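Here's the structure we're looking at; comments come further down.
Taken together, the values in this text are just the output of simple stated rules run on the coordinates, not laboratory data. All values reported here derive from a predicted model rather than from experimental measurement. Quick reminder, even Gly has a Cβ in these numbers, built from the backbone with ideal geometry, and neighbours come from all protein chains shown.
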Amino acid sequence: MFRLTLRGLVAHKLRFILTAIAVVLGVAFVSGTLVFTDTVRKTFDQLYASVYDGTDAWVRSSNVLKDDFGDEQRERISESLVPQVTAVNGVAAAEGSLRVDRAQFVDREGDGIGNPAQGAPTFGFNWNTVKQLNPFTLVTYEGERSRPPRAPGEVVMDRATANEGKFGIGDMVTISFNNRELPKDEFRIVGVSRFGDSDRPAGATIALFTLAEAQRVNGTPGELDGISAAAAAGVDQRQLVERIRAAVTARNVQVITGSTLVEERQSEAQQGLSFFTTFLLVFAYVALFVGSFIIVNTFSIVIAQRTRELALLRALGASGRQVRFSVLGEALVVGLLASAVGVGLGLGLAIGLRGVMKAFGIDVPTENLVVKPATFVISLALGVVVTFVAALLPARRAARIAPIEALRAAATESRHLGRRTVIGTVIAILGAGALFTGLFADAGIELVGLGVFALFIGIAVLGPVIARPVGRALGAFLPRWRGMPGTLARENAVRNPRRTASTAAALMIGVALVGFIIVMAGSLKASIGGQIDRAFTGDLVVLGQGGPGSSFSPAMGDRIAAVPGVARAQPLRFGPFEIAGKGNFVMASRPAEINALINFEPVSGDFAALGPNDIAVSEKVFEEKRWKLGDEISTTFPVGGKQKLTITATFERGQRELFSDYFISLAAYDRRYPTVADSFVYIGLDDGTSIESVRPAITKVIKQFPGAELKTAAGLKSVIETQINQILGLVFALLFLAVFIALLGIMNTLLLSIVERTREIGLLRAVGMSRKQVRTAVRWESIIVAVFGTLLGLVLGVFFGWSIVTALRDQGFTDFVVPGGQLTLVVVFAALAGVLAAAYPARRASRFDVLDAISTD
Amino acid sequence: MSMPAAVARPETVAARAVNASKVYGEGEAEVRALDHISVDFASHQFTAIMGPSGSGKSTLLHCLAGLDRVTEGQVFIGDVDISASNEKQLTLIRRDRIGFVFQSFNLIPTLNASENITLPMALAGRKPDPAWMDSIVATLRIGDRLTHRPSELSGGQQQRVAVARALVSRPDLIFADEPTGNLDSRASAEILNFMRAAVDDLGQTIVMVTHDPSAASYADRVVFLADGTIVDEMLEPTADRVLDRLKQFGG
């Protein structure tokens, strides 16, 4: 029996290959992502392990806050602790470290180097003079020897920046800082460095100064991020830490071992990657899900075509069980082979992903791909299980074929559409129910996912019921426009509604996601646009080129305020903090002037008089928490740790989601955060001054601060739209895989169908159908199926979009927009893709030898 | 019934094979299905081609109909040398000048009877002459079946629809490949009677391959093939004479 299975596979190579491709692509994507992740993880693990190799203990402040992106803001410590640590028995050497949060090199054209638009940081550090505590190494660059920075005004630059900016040792370079007193300065390059094996770790640019110089440019004299210590011979890390702990008595100081530090750094790097990995894996799973539809479809068609053969087997004494195992055996072999090929292809994909990362400015220095046994096991298991499960239903159908059917002429389609309607409707309703419960009853994202999944299945089950009427309607214009080939195309598209529906369902999934993303992006743009209109009452705004989140020196706001014609320049800063035990964001600006440029309405209390230990709270939160004016609320900030702030005012925030529910004054902000930088500067002009008349003067100021951009409200909207479009582009690129697999499915179905219709095509050719007309008929059949799947997908996608937007109404999705133009474009693309998918089957059908075709069994 | 084409017309040749050979394979495995055959098929005549299995009768029909190519010699439909025609020209000749009736699977399952009848004309982008269509449909008694799909028709009805399709575009000649091979004797007689009438009353030309002597007896002329050559022919055949002649082959 199993030999028969294998023979069947060999005899139908094409069918086998097409089924396999669907599995291969999905598995390749999964294994490629896993290999890439493991490789990057190992790279970073090794990198941190090697650069902190000489660090046995690390002394730092215990006051720390993490923001939503996993970046931590930690209070600095005094450099007066260094002698204390050095004096500890067992410490061979100890030295202070300081990171300059922003030290952006400026190229010869005056533009900042590094890619703030991608969020890659531009760091500065002090040069550690103790070699074993120094993660950086000097390299010889263009024949010139590097030396460490020894005096103020000297800098060592990372090799990638030296290459990119065409700098050489001995050249002068301008560096821009987030420092109010020292927004930028000139330095002499005395050396070029690497970080472990990396020219530019994780895309960050690196400037290295003497410690005193680092403190000066950062505006933090006498302060350190931490102190690293190397142990003397015979003292292990734990002993060293304990001795330092005993010796250093300052408050809010913590001592950890070097290996703990390495682990922390490694897990930070992994967290940064995990978002990316999860993102890729989700698309890989979508691709596999789509692929499973194709497997179901192929097996179903093949079994329908083999009905007589299988019935003959049954007549000759094979049991239903044996027939079922034969089909499942075929699935197993296909799944296993395809998964194996997929894993191999995944290795290539991992290399490709590294290229993509590099294109985004993130250098992943990998020599060898890390292929864990787990990757093999997971990928193979996924591929085999998906194929096997997808073949279960067709196998059951095959086992039910009665021996008598060997004697019947043609397989007739069973019609259980009534039952199907009920089942499909129930699944779809349950899915929608789960979706809404998840969204509106806050029952969790898992329920939302389950609901979406069930809706897909429900619609796929219902597909055959609606395939005939919808397909007919879609092809209604064809007989008139394309004559007899058009009629045949339409009739062929709907002659087997199950087949049409399950082929279309594969496309539906990818397109539903595309439609969903289009609706979400359109709604997001409209919502944010509306918020900007409502929130921003000033004339101009300055923001970082990286969008909200990137920041610049507070010196810029002061200088803009001094430009003639500018009435006021209002900075806006953001920072992570904890309030009443929960992590959140606080914003800071000048309370007295906030009204002038931002649509912000103080409600109760004295907003304008907000002091350094006061906080203003939005009405919404104020009421929710039943706070009263004068209440002292416990908060935690990076600098100073736990402390009480007094609620002295409330404000109406409404739907201005660009802002936070908590507001403090600039003075309050500056003493609670280690680094002070503006995210926005809102500019209001004197009455009667036009934007155009002051723009050149303001632009001239901003020119001094690389990375900052001047925008009008409309410009701000377009910046945000550009960012949304970028994300949209990335998502589409990934969804392309799912859509591509679905198109393979259409091609597969068409190929199997035309083989099934060989005699029919032969007859048509005999009575005078031209090859061109045959191609036209196949092509239009494909277009109908593709457009049918696309319309199903778009309806679902818009529905998903609508439910999510409605659920997030309170979180800032004020507008629900269905971008008709873009959705129409999707349909047009689907039709073109249908033409593409039909190309090979159409060609094949038109090339059938007429005589062979009419005499086929 | 209006039958404008029924009057006697001058005797012309509808199809002709000249020294035609068809060879499959090479060397040892060479099979000569047609061996230098020359034969004419007159217009307005009903000709039957007979012969034992492997005699080449189907190959001859296929080559004459432009479904297959001869390896040597020439084949003419009217004055056109179809052995020199390309695939495109052959398609047009089949569509516009030839009608087909096959043994089985004559109809497109997704089209109803009426659409199947007009299929070749629809492929050409032409409309059938309504009066002609009506008269064919009436003669074949399929008027009440026109909106039915093939799966809803009996075998005999399906073959009548196929005959109607072969006739509707008034082709130069109709090729029928065992048209009654799958039918019972009553349905067979109906079809053969109608084909006879198509020649007598409608002035059509039919070339039919059959191995059934009684089917051959409806023809004006029977051509006997054996081993790829024409071994005999018979005018005004009867079933008994054909049967006697056939017995001489097998021995």
Percent of Cα-Cα distances greater than 53 Å, calculated over chain A:
30 percent
Would you mind giving the mean number of other chain beta-carbons within 10 Å of the Cβ of each residue in B:85-98, as a whole number?
3
Highest-first arrangement of A:281-288, A:238-245, where packing means the average Cβ count within 10 Å
A:281-288, A:238-245
Report Rg/Rh for segment A:266-408, rounded to two decimals, where Rg is the Cα radius of gyration and Rh the Kirkwood radius.
1.18
Can you list the trypsin sites (Lys or Arg not before Pro) in segment A:615-710 that are in a DSSP coil and have 14 or fewer other beta carbons within 10 angstrom?
A:Lys625, A:Arg626, A:Lys628, A:Arg671
May I ask which residue of B:Pro128, B:Ala33, B:Ser55 lies farthest towards the positive end of the charge dipole of chain B, with charges of +1 (Lys, Arg) and -1 (Asp, Glu) on Cβ and the Cα centre as origin?
B:Pro128
In what sequence do A:Trp58, A:Trp481, A:Trp627 fall when counting other Cβ within 10 Å, fewest first?
A:Trp481, A:Trp627, A:Trp58
Under unit Cβ charges (Lys, Arg +1; Asp, Glu -1), what dipole magnitude, rounded to 20 debye, does chain A have relative to its Cα centre?
4900 debye
Using the Cα centre of the protein assembly as shown as origin and beta-carbon charges of +1 (Lys, Arg) and -1 (Asp, Glu), tell me which of A:Thr689, A:Phe622, A:Gly557 is placed farthest towards the positive end of the dipole.
A:Phe622
Taking A:Lys700 as the anchor, which lysines have their alpha carbon closer than 18 Å to its alpha carbon, excluding any fewer than eight residues away along the same chain?
A:Lys184, A:Lys711
Quotient of C-alpha Rg and 2.2 N^0.38 Å, computed over segment A:459-513:
1.18
Can you tell me how much longer the chain between A:Phe736 and A:Asp810 gets when fully stretched, taken as 0.36 nm per residue apart minus their C-alpha distance, in nm with one decimal?
23.4 nm
Return the average number of partner chain Cβ atoms within 10 angstrom of each residue Cβ along peptide A:757-767.
6
Sum of side-chain charges, A:Arg568 neighbourhood, beta-carbon under 15 Å (Lys, Arg +1; Asp, Glu -1):
-4
How do A:Glu446, A:Glu213 line up, fewest other C-beta atoms within 10 Å first?
A:Glu446, A:Glu213
Total charge of the residues flanking B:Met121 in space, meaning their Cβ is under 11 Å from its Cβ, with Lys and Arg +1 and Asp and Glu -1, is +2
Extreme residue, positive dipole direction of chain A, given options A:Leu328, A:Ile754, A:Gly821 (C-beta unit charges)
A:Ile754
Return a whole-number percent for the relative contact order of chain A, with Cα pairs under 8 Å and 6 or more residues apart as the contact set.
17 percent
Would you calculate a helix-derived [θ] at 222 nm for chain A, using -39,500 (n - 2.57) for each DSSP H run of n ≥ 4 and dividing by the full residue count, to the nearest 500?
-19000 deg cm²/dmol
Hey, can you rank B:146-152, A:77-83 by average C-beta count inside 10 Å, highest first?
A:77-83, B:146-152
Sorted on mean Cβ neighbours within 10 Å (highest first), peptides A:581-593, B:90-102 come out as B:90-102, A:581-593
On each of the three principal axes of the Cα atoms of segment A:371-501, give max minus min coordinate, whole Å, ordered largest first.
53, 41, 35
Shielding by other protein chains, A:841-851, mean Cβ within 10 Å:
2
Given 20 °C and 1.002 mPa s, how large is the Stokes-Einstein diffusion coefficient of segment A:223-315 in µm²/s, with Rh as the Kirkwood radius over Cα pairs?
109 µm²/s
Sorted by Cβ density within 10 Å, fewest first, the residues A:Tyr840, A:Tyr141, A:Tyr48
A:Tyr840, A:Tyr141, A:Tyr48
Take the cross-link list A:Lys42/A:Lys131; B:Lys22/B:Lys57; A:Lys525/A:Lys703 and give me the ones stretching past 20 Å between alpha-carbons.
A:Lys42/A:Lys131; A:Lys525/A:Lys703
Dipole of segment A:689-819, Cα-centred, from +1 at each Lys and Arg C-beta and -1 at each Asp and Glu C-beta, to the nearest 20 debye?
560 debye
So how strong a dipole does segment A:724-775 carry about its Cα centre when Lys and Arg Cβ are +1 and Asp and Glu Cβ are -1, to the nearest 20 debye?
340 debye
Using only alpha carbon positions, build the gyration tensor of segment A:615-745, then give the equivalent ellipsoid semi-axes as the square roots of 5 times its eigenvalues, largest first, whole angstrom.
37, 28, 17
